[in-house]
1. Across the range 13-55, how large is the tail of the calculated P(r) beyond 12 Å, expressed as a percent of all Cα pairs?
2. Going by average Cβ neighbours within 10 Å, how do the peptides 181-191, 200-210, 117-127 rank, with the highest at the top?
3. Per the Cauchy relation, a quarter of the hull surface: what is the mean projected area of the convex hull of the alpha carbons in the range 29-107, in nm²?
4. Could you list, bin by bin from short to long, the percent of Cα-Cα pairs of the range 78-201 in 5 Å steps?
5. Can you sort 65, 168 so the residue with the fewest Cβ neighbours within 10 Å comes first?
6. Largest first, please: the extent of the C-alpha atoms of the chain along each principal axis, to the nearest Å.
7. Taking each pair of different alpha-carbon atoms in the range 67-132 once, compute 1/r for the pair, average those values, and report the inverse of that mean as the Kirkwood hydrodynamic radius in Å to one decimal.
8. Can you give me the orientation-averaged projected area of the convex hull built on the Cα atoms of the range 111-179, in nm²?
């Protein structure tokens, strides 16, 4: 993506909006150290994005979920705890709580290869939350999730933000963005076209998005019906 300059205050939720291919997932990969920028730089939690230490500070829900078909839901969380040096007992406690909140208890022993897309998404989100990161980067956390779990996720993200964890998320669900975000960043063709606190939007999120980013197709398909 092209030059993009913005700052997210600690303990706030920033929603990055844009069409497919605008550069949202690329931004997430660069800010979490998964992709080196071709130029420029950034800091996350006072850590340069090129510093390997960054990965111990952030939780990531990636675009491709990065799960293993041959592991169960619970085994993914156990593996996450081990990677981050969390004791087995503490990992088990956190995993049990996350599985309850995300309505995954019934599928805890299901292999990922047998899970629905929604179950996979919730497993990846639980793995991102389990290490208690200083910042969360969530690529489409509400896509493919049932309404009740979406609301549970929204409540949890608001709670972790209030405890000082910074959240950057991408989403196409503008109605949810309107309810959860403190800051709105809109991207079109790799460039930021809007960046402000949500309270400073001149009109609703959806209306501004359609004006600045992309408009809905209005051609009448007369041959239908």
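1. Here the long-distance tail beyond 12 Å is 61 percent of all Cα pairs in the range 13-55.
2. 117-127, 181-191, 200-210
3. 6.5 nm²
4. Once binned at 5 Å, the Cα pair distances of the range 78-201 give 2, 9, 19, 22, 20, 13, 8, 5, 2, 0.
5. 65, 168
6. Principal axes ranked by extent give 54, 51, 31 Å for the Cα atoms.
7. 11.4 Å
8. In nm², the orientation-averaged hull projection of the range 111-179 is 4.8.
All of the numbers you see were taken from the coordinates with simple rules; none came from a lab. What you see is a predicted model, and the numbers here were worked out from it, not measured in a lab. Positions of Cβ are backbone-derived with ideal geometry, glycine not excepted, and every protein chain shown enters the neighbour counts.
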